[in-house]
1. Quick one: net charge of residue 131's neighbours, Cβ under 11 Å, K/R +1, D/E -1?
2. What percent do you get for the relative contact order of region 114-237 when only Cα pairs under 8 Å and 6+ apart count?
3. Working out 0.36 nm times the residue gap between residue 83 and residue 95, then minus their Cα-Cα distance, what length gain in nm do you get to one decimal?
4. Using alpha carbons only, how many degrees (0 to 90, rounded to 10) separate the axis of helix 217-230 from the longest principal axis of the chain?
5. If you average 1/r across every pair of different Cα atoms in region 157-213 and take the reciprocal, what Kirkwood value do you get, in Å?
6. Over the Cα atoms of the chain, Rg to Rh with Kirkwood Rh, two decimal places?
7. Cα-Cα pairs above 20 Å in region 239-302: how many percent?
8. Considering only region 158-288, what is the antiparallel percent among its DSSP beta bridges, to the nearest 5?
Amino acid sequence: MSIQRGHGKCVSCPRRCGADRSVRVGACGAGSLPYIARAALHMWEEPCISGKNGSGAIFFCGCNLRCVFCQNHDISRAEKGVRVDAQGLCDMMLNLRDIGAHNINLVTPTPHADVIICALEKAKVRGLNIPVVYNTNGYECTDTLKRLEGLIDIYLPDMKYVSPSAAKLYSGAEDYFEYASKAIIEMQRQVGALVTDENGMAKKGLIVRHLVLPCCVDETRRVLDFIARALPISTHISLMSQYVPDGDAEKYPLINRRITRGEYERAVDYCISLGFENVLIQERCAADKAFTPEFDGYIQTE
């Protein structure tokens with residue numbers, strides 16, 4: 001597989017690192033062509049995404065955040081698995097459709113927007129007729145999102161922080177909220193409120209995720225306050241209790257533990273007090289590393 005030279009400086013995410021990724025990796029750790037760590041049916045997303053058959057999850061390597069607690073740190077900071085071009089990615093999408101995936105779930109897609117756009121255009125010409133999910137950390141440029149308009153059916157962004165201090169300490173991105181807030185508003189403009197079919201499966205729309213961190217319920221309240229101000233009260237929120245200290249979390253004493261029942265209950269109570277109508281909550285058993293798949297380059301074909 002050849003690599004095209006001279007693609008120019010990368011400015012597709014808020015890092016705007018300026019790397020020529022055909023020559024060297026960018027700040028996201030990714031080159032010009034993506035490595036796929038896993039492409040398979042995945043049962044551990046929100047119920048309206050995973051459904052009975054599973055979501056067709058394609059896990060990309062590389063990430064433009066440096067979350068110290070990242071559960072996918074094996075692939076967010078390294079390239080491993082299968083290297084593909086746009087045609088290869090298109091073939092993966094169609095294969096996942098053919099084995100029964102409810103949707104195509106692009107996990108950490110941001111560094112690979114150019115290849116994804118080309119692959120989706122090819123796949124839709126070839127009959128891709130299931131929803132496409134853009135599963136992102138939220139640290140996005142609106143210019144890049146606008147290029148995806150019409151290709152993405154469901155946006156599934158994180159909204160991690162409002163405070164610059166927390167964003168800098170735990171994800172190395174002091175300006176996280178500046179970009180994520182605008183990105184989520186743009187996603188809402190493109191796809192609107194979540195629409196489901198007769199079986200409760202997501203067809204189109206926005207679901208905002210927030211992971212409750214230990215000692216950070218005040219940060220959760222700030223995130224929920226923003227959503228209440230900026231988005232319709234009918235916005236679907238996935239309020240997650242699944243935090244497990246991973247990656248380098250042991251170096252940060254305040255978050256080197258799972259959240260308590262009380263912390264999560266306070267987060268849920270505050271969310272309900274704001275009047276949100278569609279809130280997905282988790283059982284405490286969701287905080288288990290067993291739900292993180294093996295990132296060994298597995299490509300499911302049947």
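The values are calculated or read from the model by the stated rules, or taken from the named source; none is laboratory data. Every value quoted in this text rests on a predicted model; they were computed, and no experiment measured them. In this analysis, Cβ positions are derived from the backbone assuming ideal geometry, glycine residues included, and neighbour counts consider all displayed protein chains. The protein model used for the area step is the full one, side chains on, heavy atoms only, and it has no ligands, DNA or RNA in it. Shrake-Rupley method; radii C 1.70, N 1.55, O 1.52, S 1.80 Å.
1. Numbers: positive: 97, 203, 204; negative: 153, 197.
Value of the local net charge: +1.
2. Values: 176 pairs, mean separation 30.6, N = 124.
Rounded, it is 25 percent for region 114-237.
3. Working: separation 12, 0.36 × 12 = 4.32 nm, distance 1.65 nm.
Taking residue 83 through residue 95 to full extension adds about 2.7 nm, to one decimal.
4. The angle comes out at about 70 degrees.
5. Details: mean 1/r = 0.0792 Å⁻¹.
For region 157-213, inverting the mean 1/r across all distinct Cα pairs yields 12.6 Å.
6. On the way: Rg = 18.2 Å, Rh = 19.4 Å.
Using Cα coordinates only, the ratio equals 0.94.
7. Numbers: 926 of 2016 pairs.
Cα-Cα pairs of region 239-302 separated by over 20 Å account for 46 percent.
8. On the way: 2 of 12 bridges.
Roughly 15 percent of the DSSP beta bridges within region 158-288 come out antiparallel.
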